[in-house]
Amino acid sequence: MSKNDFGFYGSGLDGYVHYKQSVDRINQSAPMRKHEVKSSKKYEEKQLGSPVVSLFRVVSSIMIGLAIIFVILLLK
């Protein structure tokens, strides 16, 4: 690859200009992507709650399942 070859974008001054425009566009949108990742993490935390609440949900689901199995076995 020569010094003035910018691959997909071409070579020489035109290649550099197209390459630079793409890099600038990517860098402008980068902070937005970081914000989207942070907001999605906050959404997940809000939906899941604290670890204690999550543990309570798991344990209560297991207990309900065991209760259903117990009732089914009693009815047989």
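Couple of notes before you dig in:
- Odd one out for Leu73 among (1) open to solvent by 100 Å² or more (accessible area, probe 1.4 Å); (2) at pLDDT below 65; (3) of a type in the set (A, V, I, L, M): (2)
- Consider segment 13-60 and keep the residues that are among the hydroxyl-bearing types (Ser, Thr, Tyr) and at pLDDT below 80. The one that is most open to solvent (accessible area, probe 1.4 Å) is Tyr43.
The values are calculated or read from the model by the stated rules, or taken from the named source; none is laboratory data. These numbers come from a predicted model, not from an experiment. To get the accessible areas, we keep the full protein, side chains included, count just its heavy atoms, and leave off ligands, DNA and RNA. Shrake-Rupley method; radii C 1.70, N 1.55, O 1.52, S 1.80 Å.
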